[in-house]
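Notes for the one structure printed next.
Each reported figure results from applying straightforward, stated rules to the coordinates on display, with no laboratory input. What you see is a predicted model; the values in this text were computed from it and never measured. Here the Cβ is made from the backbone with ideal geometry for all residues, glycine too, and neighbour counts use every protein chain on show.
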Amino acid sequence: MAMDTVHNYYERLVFNEIKEKYGDKIDENQAADMACIALNRISPRYIRYDIDMSFYMSADEHWEVQKRVTKAVKKAYKKVKE
């Protein structure tokens, strides 16, 4: 079904940030909790294909997106570790 392709653009970015920076510090349950907390801190952007977002964003927009993801994941990590 075509609707299966719809997803929040930030999901993959948040998951990757968690794996890369915190993967060795947390277990799978904590990672899932972190993802939920971080994603709830960022307004969703629903798309069908990631390339659509990437293609139309400027370098500055890419930088802002990454900063937003990094900040949300960092706060989520602190929350999970409390």
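Among residues of the range 21-36 that are loosely packed, with under 13 Cβ neighbours inside 10 Å, none has a Cβ under 8 angstrom from a residue that is outside any helix (DSSP H, G or I) and among the acidic types (D, E) at a sequence gap of 6+ or on a separate chain. In this structure, K78 does not satisfy being of a type in the set (K, R), under 14 Å from the mean Cα position of the chain (by Cα) and assigned to a helix (DSSP H, G or I). Scanning for something in contact with a helix residue (DSSP H, G or I) (Cβ under 7 Å, 6 or more places away or on another chain) and among the polar types (S, T, N, Q), does the range 38-57 turn up at least one residue? No, there is no match, as no residue in the range 38-57 is in contact with a helix residue (DSSP H, G or I) (Cβ under 7 Å, 6 or more places away or on another chain) and among the polar types (S, T, N, Q). Scan the range 37-63 for residues that are outside any loop (DSSP other than H, G, I, E, B), without any contact (Cβ under 8 Å) to a residue 12 or more places away in the chain and surrounded by 12 or more Cβ atoms within 10 Å (Cβ to Cβ) and jot them down. Correct list: S54, E61, H62. For the range 1-37, the candidate set comprises residues that are touching a helix residue (DSSP H, G or I) at 6+ places or on another chain (Cβ under 9 Å) and among the acidic types (D, E); within that set, the residue that is nearest to K81 (Cα to Cα) is D33. Output yes when any residue across the range 6-15 is polar (S, T, N, Q) and out of contact with any Phe, Trp or Tyr (no Cβ under 8 Å at 6 or more places or on another chain), and no when none is. Scanning the range 6-15, I find no residue that is polar (S, T, N, Q) and out of contact with any Phe, Trp or Tyr (no Cβ under 8 Å at 6 or more places or on another chain), so the answer is no.
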